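Below: one structure, written as structure tokens.
The values are calculated or read from the model by the stated rules, or taken from the named source; none is laboratory data. As the structure is a prediction and not an experimental result, all values here were calculated from the model. Note that each Cβ is placed from the backbone with ideal geometry, even for glycine, and that neighbours are counted across all protein chains shown. Only protein heavy atoms, including side chains, enter the accessible area calculation; ligands, DNA and RNA are left aside. Shrake-Rupley method; radii C 1.70, N 1.55, O 1.52, S 1.80 Å.
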Amino acid sequence: MDALKIMVVDDEIRMRKLVKDFLSAKGFEVVEAEDGEQAVDIFCSQKDIALILLDVMMPKMNGWEVLKTIRKISKVPIIMLTARGEEQDELQGFKLGVDEYITKPFSPKILTARVDAILRRTHRTEDDIQRCGGIEINRGAHTVKANGQEVNLSFKEFELLDYFMQNRNLALSRENILNNVWDYDYFGDARTIDTHVKKLRAKLGPAGEQIKTIWGMGYKFEG
């Protein structure tokens with residue numbers, strides 16, 4: 001099997017080298033971009049990029065602009081790397097379609113663990129289909145339909161819906177959802193989940209009403 005290709009986008013040479021060394025040691029193929037414009041050019045010319053590690057503060061085209069551009073044409077998983085840790089920046093990233101958000105400085109081992117977790121899910125090969133209440137989710141093809149219409153979900157929205165449907169009719173706390181969908185112990189604000197649920201409900205239309213809020217606790221998918 002060919003090595004999965006990851007693009008590292010950062011204007012700091014040392015940061016790119018650090019991340020590349022760790023990912024290469026894990027068997028990934030790594031391509032580099034030193035600014036946002038170069039990142040978009042590389043992504044559009046190389047169709048086999050499996051994941052993007054994207055810095056926010058860069059010349060020519062910042063990370064938010066790169067994210068918006070790529071999200072118009074692809075659902076490729078994107079992890080944002082940034083030195084800024086403000087909560088509002090994090091929420092903005094999730095609203096724009098970020099799958100993970102890591103603040104510098106970070107542990108390269110934690111970074112590679114999150115990359116592994118996302119890619120394991122993205123590259124499932126089984127044709128596993130679930131249906132409930134007008135929603136059809138195909139894990140193998142990574143597609144979702146609501147009342148017969150295909151729904152365009154981000155990677156993290158897909159994983160959230162998948163988790164809800166696997167645990168239908170069970171009350172799920174926000175902590176439980178974070179630890180299972182985000183694959184790590186998350187100590188940030190619970191609005192991370194609320195932001196994703198709000199977008200997921202809107203995209204699913206009437207079928208999204210099956211995701212019920214349990215005030216003071218979390219959510220329940222009533223199938």
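Arrange the residues D48, D10, D116 by how much accessible surface each exposes, largest first, with a 1.4 angstrom probe. Please report the intermediate quantities before stating the final value.
Numbers: D48 90, D10 0, D116 45 Å².
Greatest to least solvent exposure: D48, D116, D10.
Determine the per residue accessible area of the chain with all protein chains present and a 1.4 angstrom probe, expressed in square angstrom.
49
Taking H as built 1.01 Å from N, whose amide H comes closer than 5 Å to the amide H of Y101, not counting residues under 5 places away?
The list, which skips near neighbours in sequence, is M80.
So which lysines can K26 reach, going by Cα to Cα under 24 Å and dropping same-chain residues fewer than 8 places off?
K5, K17, K47, K75, K104, K109, K156
Based on DSSP, what percent of beta bridges with both residues in the chain are antiparallel, to the nearest 5? Before the final figure, lay out the partial values.
Details: 17 of 35 bridges.
In the chain, approximately 50 percent of DSSP beta bridges are antiparallel ones.
Per DSSP helix of 4 or more residues, -39500 (n - 2.57); summed, then divided by the residues of the chain. What does that give at 222 nm, rounded to the nearest 500?
Values: 8 runs with 91 residues, N = 223.
That calculation yields -12500 deg cm²/dmol at 222 nm.
Give the ranking of C132, C44 by solvent-accessible surface, highest area first, calculated with a 1.4 Å probe.
C44, C132
Can you tell me the FRET efficiency between D128 and I13 if r is taken as the Cβ-Cβ distance and R0 is 41 Å, rounded to the nearest 0.05? Working shown, then result.
Working: r = 42 Å, r/R0 = 1.03.
Computed FRET efficiency for D128 and I13: 0.45.
Kindly state, to the nearest 0.05, the FRET efficiency for A83 paired with D194, given R0 = 30 Å and r defined as their beta-carbon distance.
On the way: r = 26 Å, r/R0 = 0.85.
The formula returns an efficiency of 0.70 here.
I'm checking a number: the convex hull volume of the Cα atoms of the chain, normalised per residue, in Å³. What is it? Working shown, then result.
On the way: hull volume 26.1 nm³, N = 223.
Expressed per residue, the convex hull around the Cα atoms of the chain is 117 Å³.
Leaving out ligands, DNA and RNA, what percent of the accessible area of the chain is carbon and sulfur, probe 1.4 Å?
Details: 5320 of 10850 Å².
That share works out to 49 percent.
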